[in-house]
Amino acid sequence: MSYGFDTLQIHAGARPDPATGARQTPIYQTTAYVFRDADHAAALFNLQEVGNIYSRLTNPTVSVLAERIATLEGGVGAVCCSSGHAAQILALFPLMGPGRNVVASTRLYGGTVTQFSQTIKRFGWSAKFVDFDDLDAVKAAIDDDTRAVFCESIANPGGYITDLDAVAAVADEAGLPMIVDNTSATPYLCRPIEHGATLVVHSATKYLTGNGTVTGGVVVDSGRFDWSASDKFPSLSAPEPAYHGLKFHETFGPLAYTFHGIAIGLRDLGMTMNPQGAHYTLMGIETLSLRMARHVENAVKLATWLENDPRVSTVTYAGLPSSPYHDRVARICPKGAGGLFTFGVKGGYEACIKLVDSLEIFSHVANLGDTRSLIIHPASTTHRQLTEEQQRAASAGPEVVRVSIGIEDADDLIADLDQALAKATA
Ligand SMILES: *Cc1c(COP(=O)(O)O)cnc(C)c1O
């Protein structure tokens with residue numbers, strides 16, 4: 001029996017608690033789990049039997065969340081971790097090594113650009129950034145040391161949608177996994193595995209939890225990649241010295257990557273999700289489809305209103321027919337282009353500052369994907385260290401603000417923007 005999305009977002013991975021009958025998934029607030037006897041302990045440590053040992057590796061509450069997200073994404077397994085940025089490191093970790101690189105889209109969340117262009121160099125890894133609309137450039141960037149291709153489905157801050165099928169074809173031809181950050185879309189709007197993604201990463205901090213209460217991340221495995229087809233992924237295909245010579249792919253088949261993520265990734269990097277965090281994200285996911293539908297509905301209303309306002313210079317939202325990426329919506333994210341976009345305010349930097357300070361419902365914060373409407377002026381905050389030229393290249397010029405449209409009454413949000421624009425451009 002195959003259930004629909006709205007049923008799975010409530011039930012996948014969960015069952016009444018076997019110990020107490022509790023209907024809701026309990027928060028298993030424990031560090032360790034008692035072994036039945038010494039043989040049981042040995043079998044668990046040898047990965048011959050699946051079970052809980054220590055909560056840095058697995059925890060029953062966190063496991064329900066992992067199974068739920070894997071199911072919603074159409075993957076075979078998932079590993080939860082402490083943040084979206086942790087998920088990116090955890091996703092790359094089994095694939096990369098010193099001297100290896102990832103070919104990444106130029107249109108990525110700003111924090112990911114910093115992580116990939118600066119911090120991963122400490123591990124001897126590197127990233128090559130290319131325009132993913134230029135497939136020849138993606139092909140040309142791939143070399144013998146490339147181990148993954150990385151992009152976002154609906155790119156944060158919005159306005160851009162990646163042609164996932166086309167990029168997947170390039171990755172396939174090169175024998176490489178495609179990793180898709182699906183944070184802005186969520187599996188309700190886009191299911192990257194159906195478009196050829198090998199792995200899907202999430203910041204659960206955003207729409208999955210949905211109310212700005214926790215930081216969390218997830219790596220989902222499609223189970224479809226043949227890690228043994230080449231000698232490029234020895235940590236999965238060859239004896240792994242960090243796990244007494246275990247061959248993950250041979251032993252676990254399509255679950256190799258997921259087991260590796262727990263047995264080596266979480267064990268040695270320690271970027272574990274805590275059971276309280278998993279609980280909040282499970283509560284959020286129960287209403288994911290309802291919230292996303294409203295985020296999209298409100299975003300379309302507000303983007304349309306802003307586009308017709310003479311005080312506004314530009315609106316970049318793929319949900320608008322005027323967007324150059326509008327024709328990708330029906331194919332990549334048929335239920336809508338998400339709740340994030342940017343717009344330009346006539347009057348530039350000073351007008352944007354006034355706008356942000358004059359809003360009453362919108363909150364001025366660095367987060368996104370909350371039930372509340374949020375706004376940020378990148379040029380005076382997240383992108384203030386950059387030159388104006390760099391800001392413009394990142395679609396974060398001085399006249400641009402980014403909004404994350406919440407699920408309040410659209411009319412109230414429009415009235416709030418109207419009064420704040422009046423003050424900003426007076
Ligand atoms: C927020 C975000 C991240 C990072 O997630 P954290 O949970 O803040 O670490 C990565 N990718 C995208 C698209 C994001 O919006």
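Read-outs throughout are calculated quantities, based only on the coordinates presented, and are distinct from any laboratory measurement. If you're wondering where the values come from, they're calculated on a predicted model, not measured in any experiment. Glycine also receives a Cβ, built like all others from the backbone with ideal geometry; neighbour counts cover every protein chain displayed.
Structural remarks
- Annotation for the range 58-91 versus the range 367-426: alpha-carbon center distance of 31 Å.
- Diffusion coefficient, µm² s⁻¹, Stokes-Einstein with Kirkwood Rh over alpha-carbon pairs of the chain at 4 °C and 1.567 mPa s: 58 µm²/s
- Listed peptides 335-344, 253-262, 42-51 by packing density, highest first (mean Cβ within 10 Å): 335-344, 253-262, 42-51
- Cα long-axis angle, helix 410-424 against the chain (0 to 90 degrees, to the nearest 10): 60 degrees
- The Rg/Rh ratio for the range 288-424 is 0.95, where Rg is the radius of gyration of the alpha carbons and Rh is the Kirkwood radius.
- Unpaired by the 4.7 Å Cβ criterion, cysteines found in the chain: Cys80, Cys81, Cys151, Cys352
- Protection proxy ranking, peptides 385-392, 129-136, average beta carbon neighbours within 10 Å, highest first: 129-136, 385-392
- For the range 128-173 versus the range 174-205, the gap between their alpha-carbon centres in whole angstrom: 12 Å
- Local net charge near Leu340, Cβ-Cβ under 10 Å (Lys/Arg +1, Asp/Glu -1): +2
- Residue-count net charge about Ser313 - beta-carbon cut-off 13 Å; Lys, Arg +1, Asp, Glu -1: -1
- Ranked by the mean number of other Cβ atoms within 10 Å per residue, highest first, peptides 360-373, 155-168, 20-33 order as 155-168, 360-373, 20-33.
- Dividing the summed -39500 (n - 2.57) terms of all DSSP H runs of n ≥ 4 by the residue count of the chain sets its mean residue ellipticity at 222 nm at -10000 deg cm²/dmol.
- Estimated dipole of the range 288-424 in Debye, rounded to 20 [Cβ of Lys and Arg +1, of Asp and Glu -1, Cα centre]: 440 debye
- Using Cβ point charges alone (K and R +1, D and E -1), the dipole size of the range 187-313 about the Cα centre works out to roughly 320 debye.
- Once the Cα atoms are used to define both axes, helix 164-173 deviates from the longest principal axis of the chain by about 40 degrees.
- Net charge of Cβ neighbours under 13 Å - reference Leu47; Lys, Arg +1; Asp, Glu -1: -1
- Helix 60-73 axis, angle to the chain major axis (alpha carbon atoms, nearest 10°): 60 degrees
- Remark: the chain carries a charge dipole of roughly 640 debye about the Cα centre, counting +1 on each Lys and Arg Cβ and -1 on each Asp and Glu Cβ.
- Gyration tensor (Cα) of the range 314-378, equivalent ellipsoid semi-axes in angstrom: 26, 16, 8
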